[in-house]
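I have placed the structure first, in the form of structure tokens, so that the comments after it can refer back to it.
The values are calculated or read from the model by the stated rules, or taken from the named source; none is laboratory data. These figures come from a predicted structure and were not determined experimentally. Neighbour counts run over all protein chains shown; Cβ positions are idealised from the backbone, glycine included.
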Amino acid sequence: MDIRLTDEQELLKSSVQRLLKDKYSFETRRKIVASEKGWSRDHWKAFADMGLLAAPLGEEFGGLGARPVATMIVMREFGRHLVVEPFFETVVLAGGLIEAEGDEGQKQEHLAQIASGDAVWALAWAERKSRYELYDVETTARREGDEYVLDGTKIAVVGAPWADKLIVSARTSGARRDRGGTSLFIVDRQAANLHLQSFKTIDGRRAAEISLAGVRVPAADMLGKAGQGSRMLEACRDRAIGALCSEAVGAMAELNASTLEYSKTRKQFGVALGTFQVLQHRMVDMFVALEESISLSQHLTLSLTSPDGASKLAAGTKSKVLYAARFVGEQAIQLHGGMGMSDELDVGHYFKRIGAIDIAFGDSAFHLKRYARAA
């Protein structure tokens, strides 16, 4: 499957490619990741000025209107350059939830700030016992007058140390593993009684464990309807998988390109590695894995706007694409030999990012089971 881009989308693609080629080299990324903050406000502002943060949003918020396709374009190029700035967390997750479920006041206030780059967001849904189940929520939210009081803990909240706002899932009714009864709340990251324990992830990003001990949130900051949090997060997960698979495709494309180039220049026994037939076969397998993944991710991208949803397709795509991405990463490291294991070479960093994508919103095994249940 191939997607024919509109003129606007082609312009978006070429603009992102040009910006990242000029401003986001691997060495630049290494410096950003090693810095105290772990991300670049200057690059974030450049993304906003170019309209990347608004692109996946509706036209009324300055976007292109073709939400999933715009997300696919940006995420694929970000995957090629291992961009660490929280586009996925802010625009895809939070922006997608607000646009899909927020009331008009919430949309006007928050989406404008996201599009302009003035606000960074993170989604806090995972808990210690929940594994990958969105409905398994122990954090509670009890109503007190015009406020809700939140108590609980969230883990592995990627982008939280950078965030101005959080979207937090909490149980407003029912038992811990009930599929209904969870709600989503917009929480200021500087709210009283909210504490963060920050840490660096394996792929060089920043995440945090969040403790909520009597955090008060205005009732008006509930996102969507009470008790519908799991349903909203399930739709968000499908959009997230589409974006992550596009990012994985971008990473795979770079791994293939760098491996092919290395095989042409590295010599063994007086000849280039690429002349050995067995290695040619491996690189053909890597190429096939990439092409299959491109087709699957594009099919999912086009299906995300379906009124019937795309949960089954998202599950199958996540399982297949990330299996292929791990294969490509493993082959790239091995074909680069000892260099492939070094921190100075970008190959290992792509492989780490692929590993992080694999476990985000459920690993391949989880989604394979989910696909089987839906079949």
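Conditions (1) buried (at least 16 other Cβ atoms within 10 Å of the Cβ); (2) out of contact with any strand residue (DSSP E or B) (no Cβ under 8 Å at 6 or more places or on another chain), marked per residue:
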residue: Q108; (1), (2): no, yes
residue: A112; (1), (2): no, yes
residue: S130; (1), (2): yes, yes
residue: T139; (1), (2): yes, no
residue: R142; (1), (2): no, no
residue: V158; (1), (2): yes, no
residue: S169; (1), (2): yes, no
* Residue ID - farthest from R131 (Cα to Cα), chosen from residues in region 338-362 that are touching a residue at least 40 places away in the same chain (Cβ under 8 Å) and of a type outside the set (A, V, I, L, M, F, W, C) -> D346
* Asked: For Q280, all conditions in the list (1) closer than 30 Å to Q268 by Cβ; (2) among the polar types (S, T, N, Q); (3) in contact (Cβ under 8 Å) with a residue 12 or more places away in the chain hold save one; what is the number of the exception?
  -> (3)
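Scan region 34-48 residue by residue and report those that are under 21 Å from V92 (Cβ atoms) and in contact (Cβ under 8 Å) with a residue 60 or more places away in the chain.
Step one: filter region 34-48 for residues under 21 Å from V92 (Cβ atoms), giving 38-41, 43-48.
Those that are under 21 Å from V92 (Cβ atoms) and in contact (Cβ under 8 Å) with a residue 60 or more places away in the chain: G38, W39, W44, K45, F47, A48.
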* Structure fact -> For region 292-325, the count of residues that are within 24 Å of F351 (Cα to Cα), touching a residue at least 60 places away in the same chain (Cβ under 8 Å) and polar (S, T, N, Q) equals 5
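Okay, residues lined up against (1) outside any strand (DSSP E or B); (2) under 15 Å from Y135 (Cβ atoms); (3) assigned by TED's automatic domain parsing to the domain that holds A208; (4) at pLDDT 95 or above:
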| residue | (1), (2), (3), (4) |
| --- | --- |
| I155 | no, no, yes, yes |
| I167 | no, no, yes, yes |
| A170 | no, yes, yes, yes |
| A175 | yes, yes, yes, yes |
| D178 | yes, yes, yes, yes |
| L184 | no, yes, yes, yes |
| V187 | no, no, yes, yes |
| A191 | yes, no, yes, yes |
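Does S303 fit the bill of being over 15 Å from M252 (Cβ atoms), surrounded by fewer than 22 Cβ atoms within 10 Å (Cβ to Cβ) and touching an Asp or Glu at 6+ places or on another chain (Cβ under 7 Å)? Please lay out each step first, then the result.
Numbers: over 15 Å from M252 (Cβ atoms): yes; surrounded by fewer than 22 Cβ atoms within 10 Å (Cβ to Cβ): yes; touching an Asp or Glu at 6+ places or on another chain (Cβ under 7 Å): no.
It is false that S303 is over 15 Å from M252 (Cβ atoms), surrounded by fewer than 22 Cβ atoms within 10 Å (Cβ to Cβ) and touching an Asp or Glu at 6+ places or on another chain (Cβ under 7 Å).
Would it be correct to say that R239 is at pLDDT 95 or above and either exposed (fewer than 15 other Cβ atoms within 10 Å of the Cβ) or not assigned by TED's automatic domain parsing to the domain that holds S173 (or both)?
Values: at pLDDT 95 or above: yes; either exposed (fewer than 15 other Cβ atoms within 10 Å of the Cβ) or not assigned by TED's automatic domain parsing to the domain that holds S173 (or both): yes.
In short, yes.
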* How many residues does region 120-146 hold that are in contact with a Phe, Trp or Tyr (Cβ under 8 Å, 6 or more places away or on another chain), closer than 30 Å to A55 by Cα and not in a loop (DSSP other than H, G, I, E, B)? -> 1
* Asked: Scanning region 253-300 for residues that are out of contact with any helix residue (DSSP H, G or I) (no Cβ under 8 Å at 6 or more places or on another chain) and part of a loop (DSSP other than H, G, I, E, B), which turns out surrounded by the fewest Cβ atoms within 10 Å (Cβ to Cβ)?
  -> G270
* Structure fact -> Of (1) free of Cβ contacts under 8 Å to residues at least 60 places away in the same chain; (2) under 19 Å from A207 (Cβ atoms), T28 fails just (2)
* Please verify whether region 361-374 includes one or more residues that are buried (at least 19 other Cβ atoms within 10 Å of the Cβ) and among the aliphatic types (A, V, I, L, M). => no
